[in-house]
1. For the range 174-196, name all the residues that are assigned to a strand (DSSP E or B) and free of Cβ contacts under 8 Å to residues at least 40 places away in the same chain.
2. Go through the range 253-301 and give me each residue that's within 21 Å of W325 (Cα to Cα), more than 19 Å from the chain's Cα centre (by Cα) and of a type in the set (V, I, T).
3. State whether one or more residues within the range 344-354 are under 30 Å from D279 (Cα atoms), more than 16 Å from the chain's Cα centre (by Cα) and part of a loop (DSSP other than H, G, I, E, B).
4. Quick one: would you say R311 is under 22 Å from A180 (Cα atoms) and either surrounded by fewer than 18 Cβ atoms within 10 Å (Cβ to Cβ) or of a type in the set (F, W, Y) (or both)?
5. Inside the range 290-311, can you point out the residues that are under 23 Å from A361 (Cβ atoms) and either in contact with a Gly (Cβ under 8 Å, 6 or more places away or on another chain) or in a loop (DSSP other than H, G, I, E, B) (or both)?
6. Within the range 243-272, can you find the residues that are hydrophobic (A, V, I, L, M, F, W, C) and either surrounded by fewer than 17 Cβ atoms within 10 Å (Cβ to Cβ) or assigned to a strand (DSSP E or B) (or both)?
7. Could you tell me whether A170 is hydrophobic (A, V, I, L, M, F, W, C) and either surrounded by fewer than 24 Cβ atoms within 10 Å (Cβ to Cβ) or modelled with pLDDT under 95 (or both)?
8. Looking at S150, is it surrounded by fewer than 22 Cβ atoms within 10 Å (Cβ to Cβ) and at pLDDT 95 or above?
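The values are calculated or read from the model by the stated rules, or taken from the named source; none is laboratory data. Note that this is a predicted model, so its numbers are computed, not measured. Cβ: placed from backbone, ideal geometry, glycine included. Neighbour counts: every protein chain shown.
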Amino acid sequence: MTAHQPGRPPTDPSGPSAPGRAAGTTARATARADHDPGRRTVLGLLGLAVLTAAGCAPGADASGAAAGTDTAAEPGSVLWSFGTGRASRSPAVRYEDTVVCGSGETLHALDAADGTPRWEHRTGPAVAQPLHHGGSLHVPLSGPGGGGSSGGGTVVLDPADGSHRRDHPARAGVFAAPVAHGNTVYLCGLDRTVQALDAGTGAVRWTFETDSQIFHTPVLHDELLHVATADGVTHTLDTADGSELRRFTTGGRPLAPQRTASGLLLLADRVDATLHALDPATGEESWAVRAAGEPTGLATAGETVLLAAGRTLTARDAGSGEERWRADAARDHSPVTVVGATACHRSAAETVTGLDLATGAHRWSHEADGAVLHLATDGGVLYLGTDRTTLTTLAV
C-alpha cells in the first residue's frame, strides 16, 4: 500500500521574524473575523486536521468552562478571533491562561481570555498540534525548520515567552502530535520511526522502526503506545523499551486512533470504510461496523463514539457499536470534537454545527469565514481554524 501523502502546509510569505519576540505588530485580536463569501481556497491542510477528543484541559475549571471566557455567551457565538492574513496552520492548544496556534511558519501565543498576542516564534512549517508538557512546549515540524534539520522533528520552546530551548531533528517531517507521560515524550514521524525522548533533555531512550509513514497521533494508555501507520497496521508497543507486543491490520490510510472511556481502542480505516473496536489488552476485535463512506473524522466522549464518514456523522455506543443517531456532515473532511455535552463538527465546507451529544438534536450552527480546517477544545470553548483566519474561539 502506498502511503497517503497529504498536501504541503502553506509557507509564511512575511519572511523571518525574531524567535520569541513580543507579538502585536503584525497581528491583532479582533472581535469578529472579516467575512468574504466570494473567496474559496482549497488547501492541502484539509486532510491533516488533528482530531481532538473532549476533556478538561489545564485552565478549565471543575465545571469544564475555560477560565476567563464568557460562559453566558450564546452557544455558537464568537468570543474572539485572531487573524494574521494567513491560513490556520494547526489545531490550537491551551495551557494555563495561554492559547497557542500557528499560521504560516509562525507559532503565536495568545491570552486565552481575549486573544491578545503575547509572543510569537518562527518555528518552521508544522501542521500538528503542539504539546505542553513538563514545563516545555514541544512543536512538531512537518518540514525543515528552526533547528536546521533536513526533514522535520520538534522545536522545544519556553511556554512563558517563546524562547528557544532545543531542537530534535528528524529525517522527515512530523505530522503527528507528540504524546507524553511522566518524563517521556513519544514522537512519530514520516521517517517511519517511533521515538521515546527524555522530556527534559531530548535524549533518545528507544526507537521503533515501522514499515510505513506515520501521519496520526498515537494513543498512549496503561504503559502501551498504539501507533497507526499509513499501510493500515496498528502497532502496540511497550512504552518501557519500545518492543512490539502485537499488531492489527486494516485496509490502509487510517484516521488517528481513539480510546473510549472503558478502554476500547478505536480504528477507523479509509480503505475498508470500517470502524474497528479492539480490546487494548489482548488486541482482539470487540466489534466492527461498516461506515457510511470513507471515514473523515473520529472522536469519543465517555461511552459515545462519533464517526464522520461520507456525508454523515454517526453517534454509536462504545460498548456495542450500535447506532444512536446520525446527522449530516461535510463529505471530504469533517473534523469532530466534543465540548461538554455538545458534539461539534464540520457540517458543510464553511459551517460548524453543535449537536446534543445524547440525542443528536441541533443546538447551533456557526458560519465561518472560510473552509474549516480543524477543531480543538480546552473543555469549555471551541477553537476553530480556517483557511482565512488563524483562530476563532466559539462559546459552546
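1. If the condition is that a residue be assigned to a strand (DSSP E or B) and free of Cβ contacts under 8 Å to residues at least 40 places away in the same chain, then C188, T193, Q195 are the ones that fit.
2. Of everything in the range 253-301, those that are within 21 Å of W325 (Cα to Cα), more than 19 Å from the chain's Cα centre (by Cα) and of a type in the set (V, I, T) turn out to be T274, V289.
3. Scanning the range 344-354 turns up no residue that is under 30 Å from D279 (Cα atoms), more than 16 Å from the chain's Cα centre (by Cα) and part of a loop (DSSP other than H, G, I, E, B).
4. Considered against the rule, which asks whether it is under 22 Å from A180 (Cα atoms) and either surrounded by fewer than 18 Cβ atoms within 10 Å (Cβ to Cβ) or of a type in the set (F, W, Y) (or both), R311 comes out as no.
5. Hits for the range 290-311 are A291, A292, G302, E303, V305, L306, L307, A308, A309, G310, R311.
6. L245, F248, A261, L265, L266, L267, A268, V271
7. In short, yes.
8. No: the conditions fail for S150.
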